[in-house]
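S.K.: There's a structure below that I have some questions on.
We did not get these values from a lab; they are worked out from the coordinates using the rules stated. Note that the coordinates shown come from a computational prediction; the quantities given were computed from them, not determined experimentally. Quick reminder, even Gly has a Cβ in these numbers, built from the backbone with ideal geometry, and neighbours come from all protein chains shown.
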Amino acid sequence: MPEQSPFTLSFVPPPTDAVDVMVDLETLSTRPDAAIISIGACWFEPVTGLVGSPIHILIDLADSIRSGGHVDGDIVHWWLQQSYQARQAITEGCKSTMDDALYALSEYLRSVAPLDKVLVWGNGADFDLSILASAYARADIYLPWRYYNGRCLRTLRKLHPDVDAPKFEGTPHNAADDARHQAQHAVALLRVNRLQKVADSALQLNMRAVHKVIDRMVADGRLAWLIGPGSETFNQLISAAACGSNKTPEQIADEITAAVRPQRVVVDESEG
């Protein structure tokens, strides 16, 4: 079983820290053993927002079926209703065998990151990657990513429903254009996800500081006298403590007020 693709893909190489690749398939079925008619793939880098030019691998339908690919009549009918541009993308141009297409995708993934590092994204956990895994298994070709490095764009979208997809460029249902569009959407979603983590981390640090002051106030009556119930500082501490809590500010204020024992601080004005 050869380890190299019989031909070389041409594409802009990714930056050295890129590990993410978006993959999109066009198929003639929705089953895991679906006949694949084209593969689009596109590396992207969430931190910088860079998205590479996608590759587009067209596959000979007859060979895809010979390799064990399933064809669903309803999906064929669906394809007949798509735009001329979408149908043109899968019917015109040089087409490879199924094995060659899989080797080409393996080569592309290796060019982005090593086997243990590359993160392979699909639009749905039960579609693109599972169909590809089935195709690699039928061809007895080594899967070019670790099973635990598969990623699902649909799940990420559900986590951040308020993040709109970018404007689509190209032809819908063209695997290369779909892969690039999904990569751009993933960049936007992962940026929001990263910012949310930073905000959550800052909130946790703030909460630890607030509770540390409250604990000191409960333990030290002199501090309770200076910034305890009735002071503006106390009200600000209560408001901060209520953030992320399942208790109301009033409940927290009542609990702390019952726990503190203010000790009057006497200042000897004759000193100094």
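S.K.: Using a Förster distance of 35 angstrom, determine the FRET efficiency expected from the C-beta separation of Y148 and T248, and round it to 0.05.
M.R.: 0.25
S.K.: Here's something else I'd like to know. Using 0.36 nm per residue of separation minus the Cα-Cα distance, give me the extension gain between R110 and S239 in nm, one decimal.
M.R.: The span from R110 to S239 would gain 41.3 nm if fully extended.
S.K.: Here is a further query. Anyone know which of A258, A62, A18 comes out most mobile in the 10 Å Cα GNM of the chain?
M.R.: A258
S.K.: Hey, another quick one. Just tell me, in residue order, which DSSP H segments of the chain are both 24 angstrom or longer along the helix axis (alpha-carbon based) and at least -0.5 in mean Kyte-Doolittle hydropathy.
M.R.: Membrane-span-like by this criterion, though nothing is claimed about a membrane: 175-219.
S.K.: Where both partners of a DSSP beta bridge lie in the chain, what percent of those bridges are antiparallel, to the nearest 5?
M.R.: 65 percent
S.K.: What distance in nm lies between label points placed 7 Å from Cα along the C-beta direction at D164 and Q82?
M.R.: Those two pseudo-labels are separated by 2.6 nm.
S.K.: Can I ask one more? With the chain treated as a Gaussian network of Cα nodes joined by springs under 10 Å, which of V112, V260, V51 yields the largest mean-square fluctuation?
M.R.: Residue with maximal mean-square fluctuation among V112, V260, V51: V260.
S.K.: Something else: If you take every DSSP beta bridge fully contained in the stretch 37-160, what fraction is antiparallel? Give it as a percent rounded to 5.
M.R.: 60 percent
S.K.: When Lys and Arg each count +1 and Asp and Glu each count -1, what net charge do the other residues less than 10 Å away from L25, Cβ to Cβ, add up to?
M.R.: Local charge sum for L25: -4.
S.K.: Among 25-33, 157-165, how do they line up by average Cβ neighbours within 10 Å per residue, starting with the highest?
M.R.: My ranking of the peptides, most packed first, is 25-33, 157-165.
S.K.: A further question follows. Around W121, which amide H atoms from residues at least 5 apart in sequence, or from another chain, sit under 5 Å from its own amide H, with H modelled in the peptide plane?
M.R.: Counting only residues 5 or more places away or on other chains, the set is V21, M22, V23, R151.
S.K.: Measure off 7 Å from each Cα along the Cα-to-Cβ vector at T91 and V218, then give the distance between these two points in nanometres to one decimal.
M.R.: Here the modelled spin labels are 7.4 nm apart.
S.K.: Across the stretch 19-151, how large is the tail of the calculated P(r) beyond 25 Å, expressed as a percent of all Cα pairs?
M.R.: So the portion of pairs separated by more than 25 Å is 22 percent.
S.K.: How high is the relative contact order of the chain, in percent, with contacts defined as C-alpha pairs under 8 Å that are six or more residues apart?
M.R.: It comes to 20 percent, rounded to a whole number.
S.K.: Calculate the length of the line joining the C-alpha centroid of the stretch 96-112 to that of the stretch 203-269, in whole Å.
M.R.: Going from one Cα centre to the other spans 62 Å.
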